[in-house]
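Worksheet: one structure, shown below.
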Amino acid sequence: MKVVPLRSDADVGSEPLPGAAPALAMIHIDHVSQRFQTAGRQSHLALSDINLAIDEGAFVSILGPSGCGKSTLLYIVGGFVAPSEGAARIKGKAITRPGPDRGPVFQEFALFPWKNVLGNVMYGLRQQGVKKPEAEARSRKLLEMVGLKGYENFYPKELSGGMKQRVAIARTLAYNPAVLLMDEPFGALDAHTRTRLQNDLLTIWERDRKTVLFVTHSVEEAVFLSDQVVVMTRSPGSIKVVVDIDLPRPRKRAELLLDPRYQKYVVDIEKLIDDTGEDGIHV
Amino acid sequence: MITPGALLSKSAPLLACIGLLCAWQATSLLLNTDSFPTAWESLRAVPAILTDKESLVNIGASLRRMVIGFGLAILFAIPLGLMMGRIKAVASFFNPLLMVIYPVPKAALMPIIMLWLGVGDVSKTLVIFLGVSLPVIYHSFQGGRAVEEKMLWSAAAMGMSAPMRMWRIVLPAALPEILTGCRTGLVLALITMVTSEMIARQSGAGNILFNSLDMAQYDTTFAMIMIIGAMGITLDAAFEKMRSSLVRWSKPQHDLPLSFS
């Protein structure tokens, strides 16, 4: 296994010059720390000095024990939460608010319950000013891609968890964000549905290779999907290592599960996470 | 095909009404006093009221005030409640004020309001407005506060501005709760309508009721109570029909009991 050390700012190009685009990372997390005020007037350090560069088209998972701030990191990239220190950048531009270049998919689905399936998927396109017939045609195509043809007129309350998440993924893909931000998207689903959605996500991703930042606490899921796995330490969350997952694509689950390299990645990363657990106790 | 069980549950409200009238009739015959006319005598007085032009004008005036008071109240209360639910500073400012106003019976303010604004439509409409506003603010506040943050984030990621999210995400997401508040408000509008007319006698359904009481025309009094009750049931049923069609997408809620709070 190749454990690469964190790339420093120097590798990323800390202040991009106009025209320096090729060297630029898609997402650059630059000395980001996050403090929360807790009830007892104390501030709790959730994230401590995170530095990370994510290349365009990379599928990167963030893995770590619960409470390590991995979702918070994702929300900072999304622009939903402002970091206490440091900055996150997309294509060199500081992130100050949410925007359609970063599409979130949440564990809670967060569908609009008053809109039917088609209405949900069309929502972002209509918001972007796309005319109704075109938005509808594109949404129908996406729904077919995520396997929900025939469910256009259903309301979210009539769908299972797996179907809701398919709608949510289609809704985000619809406005074509440059980056997908997935916050434990399959965490609330049963094992079978989860496996199917992982396979489908991989198929969709391998088609257009969007940059994906994927938060999960499942090591198998992270290794199966990702180009890189970022392992975080227990609270205060910091990056322990970034593991390059050097497995061929397109990946097929049946082949991968039997692949000793895949198995070694899973075992090694699990060990790393156990170690971070011990760190947490001693610190 | 209607099963006997479904038939029974459909006809239950009618049976309850008939049962109530029978009990009334029996009690009244038993007591045999002038101040408690029988159900039959009272029912017979209903057509007389409903065919009398002056009475109809009175009832119409009541309904007009009620509709205006209710309409203005929801236009004011829904935005305020939703803003309280989403913006902490707004909630901290208004919450103590509402806490003070909540337990005060709105009709008890009527004499003061009459002192300022006279005994006309404005005072009565204002009392209805106050009565309706509080439950609608409260439910809108609860509804606004409960809107899932991730839903707002999803909309923000689509490029929707904060004021637009208020209008296009918070309002529809909170709608089931808002309409529950409006339903309570509608019943309260009827109650404050009658009480305001009890205090400021001039016109209206309440005026007919209390004048007939003063003149010992007890059959008219009870007939008027029945008319007001029927208005309440009709308005509530109509509102419920509209409510359930507006929020069909929402998770099925238990049918609310008539909220005579």
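Here are the numbers:
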{"quantity": "Residue among B:GLY144, B:GLY120 that alone is away from chain A (no Cβ under 14 Å), of a type outside the set (Val, Ile, Thr) and out of contact with any helix residue (DSSP H, G or I) (no Cβ under 6 Å at 6 or more places or on another chain)", "calculated": "B:GLY120"}
{"quantity": "Meets criteria (away from chain A (no Cβ under 14 Å), under 23 Å from the mean Cα position of the chain (by Cα) and farther than 30 Å from B:SER62 by Cβ) for B:GLN202", "calculated": "no"}
{"quantity": "Meets criteria (surrounded by fewer than 19 Cβ atoms within 10 Å (Cβ to Cβ) and either acidic (Asp, Glu) or not assigned by TED's automatic domain parsing to the domain that holds A:TRP205 (or both)) for A:LYS252", "calculated": "no"}
{"quantity": "Hits in region A:88-136 - residues which are under 18 Å from the mean Cα position of the chain (by Cα) and small (Gly, Ala, Ser)", "calculated": "A:ALA88, A:GLY99, A:GLY103, A:ALA110"}
{"quantity": "Residue that is nearest to the other protein chains (Cβ to nearest Cβ) [pool: residues in region A:154-195 that are outside any loop (DSSP other than H, G, I, E, B) and surrounded by fewer than 17 Cβ atoms within 10 Å (Cβ to Cβ)]", "calculated": "A:LYS157"}
{"quantity": "Elements of type helices (runs of 4 or more DSSP H) in region B:25-137, at least 3 residues being farther than 24 Å from B:LEU179 by Cα and of a type in the set (Val, Ile, Thr)", "calculated": "B:39-51"}
{"quantity": "Qualifying residues in region A:88-102 (those that are part of a loop (DSSP other than H, G, I, E, B) and more than 13 Å from chain B (Cβ to nearest Cβ)) - the one surrounded by the fewest Cβ atoms within 10 Å (Cβ to Cβ)", "calculated": "A:LYS91"}
{"quantity": "Subset tally (residues that are in a helix (DSSP H, G or I), touching a residue at least 40 places away in the same chain (Cβ under 8 Å) and either more than 14 Å from every other protein chain (Cβ to nearest Cβ) or hydroxyl-bearing (Ser, Thr, Tyr) (or both)) for region B:226-252", "calculated": "8"}
{"quantity": "Filtered residues of region A:116-153 (kept if under 27 Å from A:ARG194 (Cβ atoms), without any contact (Cβ under 8 Å) to a residue 12 or more places away in the chain and within 12 Å of chain B (Cβ to nearest Cβ))", "calculated": "A:GLY119"}
{"quantity": "Any hit, region A:263-275, residues being in contact with a Pro (Cβ under 9 Å, 6 or more places away or on another chain), part of a helix (DSSP H, G or I) and not charged (D, E, K, R)", "calculated": "yes"}
{"quantity": "Matching residues in region A:60-76 - criterion: being outside any loop (DSSP other than H, G, I, E, B), more than 14 Å from chain B (Cβ to nearest Cβ) and either of a type outside the set (Gly, Ala, Ser) or more than 16 Å from A:TYR265 (Cβ to Cβ) (or both)", "calculated": "A:VAL60, A:ILE62, A:LEU63, A:LYS70, A:LEU73"}
{"quantity": "Residues satisfying the stated conditions in region A:77-87, i.e. part of a loop (DSSP other than H, G, I, E, B) and at the interface with chain B (Cβ under 10 Å from one of its Cβ atoms)", "calculated": "A:GLY79, A:PHE80, A:VAL81"}
{"quantity": "Selection within region A:167-211 - of a type in the set (Lys, Arg) and touching a residue at least 40 places away in the same chain (Cβ under 8 Å)", "calculated": "A:ARG171, A:ARG209, A:LYS210"}
{"quantity": "Region B:24-69, residues that are closer than 23 Å to B:LEU235 by Cβ, surrounded by 13 or more Cβ atoms within 10 Å (Cβ to Cβ) and of a type in the set (Val, Ile, Thr)", "calculated": "B:VAL46, B:ILE49, B:ILE59, B:VAL67, B:ILE68"}
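The values are calculated or read from the model by the stated rules, or taken from the named source; none is laboratory data. All figures in this text were calculated on a predicted structure; none of them were measured in a lab. Cβ coordinates were reconstructed from backbone atoms using ideal geometry, including for glycine residues, and neighbour counts include every protein chain displayed.
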